[in-house]
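The values are calculated or read from the model by the stated rules, or taken from the named source; none is laboratory data. Remember, predicted model here, so these are calculated numbers, not experimental data. Here the Cβ positions follow ideal geometry from the backbone for every residue, glycine too, while neighbour counts run over all protein chains shown. Ligands, DNA and RNA are excluded from the accessible area calculation, which covers all protein heavy atoms including side chains. Shrake-Rupley method; radii C 1.70, N 1.55, O 1.52, S 1.80 Å.
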Amino acid sequence: MARASPLLIIFLVLGSSFATYNLVTMLMHYGSSEGVAFNDGALYFDPITEMPDHVKNRKTSKAPFHVALTATDAPYNKWQCRVMYYWYKQQKKLPGSEMGGFTRILHSGNPDNLMDEIPTVVVDPLPAGLDRGYIVLNRPWAFVQWLQKTKIEEDYVLMAEPDHIFLRPLPNLAFGGHPAAFPFFYIRPDLNEKIIRKFYPEEFGAVTNVDPIGNSPVIIRKDLISKIAPTWMNISLKMKEDPETDKAFGWVLEMYAYAVASALHGVRHILRKDFMLQPPWDLETNKKYILHYTYGCDYNMKGELTYGTIGEWRFDKRSHLRGPPPKNLPLPPPGVPESVVTLVKMVNEASANIPNWDTS
């Protein structure tokens, strides 16, 4: 179906009673994302893109945001959450931070052994079988429940993931009704117009109104995410039910769903390339705020990247599915990019200072 019916759009926007990590194949020619963003087929070299002219340099007061982290109770998720929360606490107290409270939204349905360590709200997973093995579908449903059952002081929310490490104090990059988001080079609504139009019909506007983003990291006003979340959840489910969409979007399906849901509500994002970096492809941490360690880092002892082949030295979060990595991980060999060295050092510092690390 090339166009969505009016009833479907009403259903998606209004929501229903239910009201990454990113596992994508990296392009080998993808180098550092420093200063590069795609938009409307053009390249931009300003780290701030799509910032409305009337917004620039207008911020005059602090606007704290609440950090909201969705997670499961799997050991693999637990140790990442502990590292993430450790660095949140370190950066929150430094000058320049607008980081407010913190909530781990635990969508496993039951309390776990981190309840006393990390501020946590327990929500229900989707009904059995509804996620069709795609556990990330629980993320929008988790946000819907959290926003309905919890009152937070802050007017803004940062949607974050367990494999995020705060590199420095994070300011509020959003402005009013303009959320801030990281643009992903592999989220290309313009190259997937046929599929996007199933969920974002032509009467809503150009397909380029759908931003090249996922839901994380995003800093967004609380009232906006409260409106978007039910639509995001329903579009995620509809996309998963559609074989063509499921095949095309794969493990980034839920990211596309958030982008489409935002566009349906008329919300455009300020695209910030400095919001996040992703080693091993991004080489330096300078002037970046979040380190996202979703990809494996494999090198030989000469410091050369051996992506796709297990290296003589490696750091890959998937090597620690059943429990946390050991303390004092060996640093990479000389020649490995600073971003990877920083990642290992920050994991080591967290594991050295978190009590009962081995019980994650």
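Assorted remarks:
- For the criterion of being modelled with pLDDT under 95 and crowded, with 16+ Cβ neighbours inside 10 Å, PHE18 passes.
- Residue selected from the stretch 77-106 under the condition of a type in the set (Ser, Thr, Tyr), assigned to a helix (DSSP H, G or I) and within 17 Å of the chain's Cα centre (by Cα), by the criterion farthest from ASP163 (Cα to Cα): TYR88
Okay, residues lined up against (1) on the phi < 0 side of the Ramachandran plot; (2) out of contact with any Asp or Glu (no Cβ under 9 Å at 6 or more places or on another chain); (3) of a type outside the set (Gly, Ala, Ser):
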position: VAL121; (1), (2), (3): yes, yes, yes
position: PRO127; (1), (2), (3): yes, yes, yes
position: ARG139; (1), (2), (3): yes, no, yes
position: LEU158; (1), (2), (3): yes, yes, yes
position: ALA180; (1), (2), (3): yes, yes, no
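- Just so you know, in the stretch 297-331 the residues that are aliphatic (A, V, I, L, M) and open to solvent by 30 Å² or more (accessible area, probe 1.4 Å) include one that is nearest to PHE185 (Cα to Cα), and it is LEU305.
- Against the test of being surrounded by fewer than 20 Cβ atoms within 10 Å (Cβ to Cβ) and either under 19 Å from ARG139 (Cα atoms) or polar (S, T, N, Q) (or both), the options LYS247, LYS222 yield a single qualifying residue, LYS222.
- One residue from VAL252, VAL260, VAL267 being within 26 Å of TYR88 (Cβ to Cβ), among the β-branched types (Val, Ile, Thr), assigned to a helix (DSSP H, G or I) and open to solvent by less than 20 Å² (accessible area, probe 1.4 Å): VAL252
- So ALA68, is it in contact with a Leu (Cβ under 9 Å, 6 or more places away or on another chain), small (Gly, Ala, Ser), part of a strand (DSSP E or B) and modelled with pLDDT of 95 or more: yes
- Just one of (1) basic (Lys, Arg); (2) assigned to a loop (DSSP other than H, G, I, E, B); (3) over 18 Å from the mean Cα position of the chain (by Cα) fails for ARG197. It is (2).
- Meets criteria (surrounded by fewer than 22 Cβ atoms within 10 Å (Cβ to Cβ), under 18 Å from the mean Cα position of the chain (by Cα) and under 30 Å from TYR200 (Cα atoms)) for TRP281: no
- Restricting the stretch 151-177 to residues that are modelled with pLDDT under 95 and not hydrophobic (A, V, I, L, M, F, W, C) leaves a set whose member that is farthest from GLY101 (Cα to Cα) is GLY177.
- Filter result (more than 16 Å from ARG322 (Cα to Cα) and touching a Leu at 6+ places or on another chain (Cβ under 8 Å)) within the stretch 88-116: GLN91, SER97, GLU98, MET99, PHE102, THR103, ARG104, ILE105
- Residue match in the stretch 288-296 (condition: outside any loop (DSSP other than H, G, I, E, B) and surrounded by fewer than 21 Cβ atoms within 10 Å (Cβ to Cβ)): no
- Residue match in the stretch 91-99 (condition: of a type outside the set (Lys, Arg), closer than 20 Å to LEU158 by Cα and touching a helix residue (DSSP H, G or I) at 6+ places or on another chain (Cβ under 7 Å)): yes
- Qualifying residue in the stretch 264-271 (condition: of a type outside the set (Lys, Arg), within 30 Å of GLY335 (Cα to Cα) and within 19 Å of the chain's Cα centre (by Cα)): no
- Residue in the stretch 227-238 that is open to solvent by 20 Å² or more (accessible area, probe 1.4 Å), outside any loop (DSSP other than H, G, I, E, B), touching a strand residue (DSSP E or B) at 6+ places or on another chain (Cβ under 8 Å) and at pLDDT 95 or above present: no
- Among the criteria (1) out of contact with any helix residue (DSSP H, G or I) (no Cβ under 7 Å at 6 or more places or on another chain); (2) modelled with pLDDT of 95 or more; (3) open to solvent by less than 30 Å² (accessible area, probe 1.4 Å); (4) not hydroxyl-bearing (Ser, Thr, Tyr), the one ALA180 does not fulfil is (1).
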